[in-house]
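Novice: Okay, here's the structure, questions in a sec.
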Amino acid sequence: MKKPGIIALGIGLALALSGCLVVIAPPEVSGLAYRTSWVRTSDNVPVICDNRNTTVEYSFKYTSLSDINNWTEEWTGKASSQFNFTATRNANSSGVTVDTASKTITVTRTFAPGTSPYSVAPQSIDVTPINPPPTSQTGEAYLQLTFNVASGTIRPARIVLPVYSGCP
């Protein structure tokens, strides 16, 4: 057995591999959370009340604000009348709050009665529990977010919000 050859091969392999550096970077956007101003008390599920002003708020964490070019909100749903609403946002958009200390972006929208989600405006959120009977649910609203970031596109799971028409 030729020990010098094996040693030279081992040294060569070690030198070749030392040039490889594996870096695991966190995603540019993570930790998507949401809430609304109305919560079904039976299971604490956030809901949209179609007969009351409803504020919907979602937030997410970011690693570097410069990595987030913009994001798109796509609101669709099934209710007594079909609706679609799309908006492209960035850190400077109305209704967007950036907390640089916690690296969190929060977006707030308010839907007026009977318009979910046609009419929107930024507003503060006060959670009000409701306890409607299951038969009063008139549909569902869906929010799909698409983030355009430095590494490409991130499309987290769709948010589903039950819609009720008979909130107290």
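The values are calculated or read from the model by the stated rules, or taken from the named source; none is laboratory data. Because the structure is a prediction, the values reported are computed rather than measured. Accessible surface is based on the protein model in full, side chains and every heavy atom, while ligands, DNA and RNA are left aside. Shrake-Rupley method; radii C 1.70, N 1.55, O 1.52, S 1.80 Å.
Novice: Using a 1.4 angstrom probe on the protein heavy atoms only, line up 93, 66, 165 by accessible area, largest first.
Specialist: Details: 93 30, 66 95, 165 55 Å².
Of 93, 66, 165, the descending order of accessible area is 66, 165, 93.
Novice: Considering only protein heavy atoms, what is the solvent-accessible area of residue 74 at a probe of 1.4 Å, reported in Å² to the nearest 10?
Specialist: Taking all protein chains as shown, residue 74 has close to 70 Å².
Novice: Still on this structure, I have one more. Calculate, in nm to one decimal, what residue 140 and residue 51 gain on full extension: separation in residues at 0.36 nm each, minus their alpha carbon distance.
Specialist: Difference between extended and current length: 30.6 nm.
Novice: Just to make sure I understand: if all protein chains stay in place, what is the order of 32, 161 by accessible area at 1.4 Å, largest first?
Specialist: Final ranking, largest accessible area leading: 32, 161.
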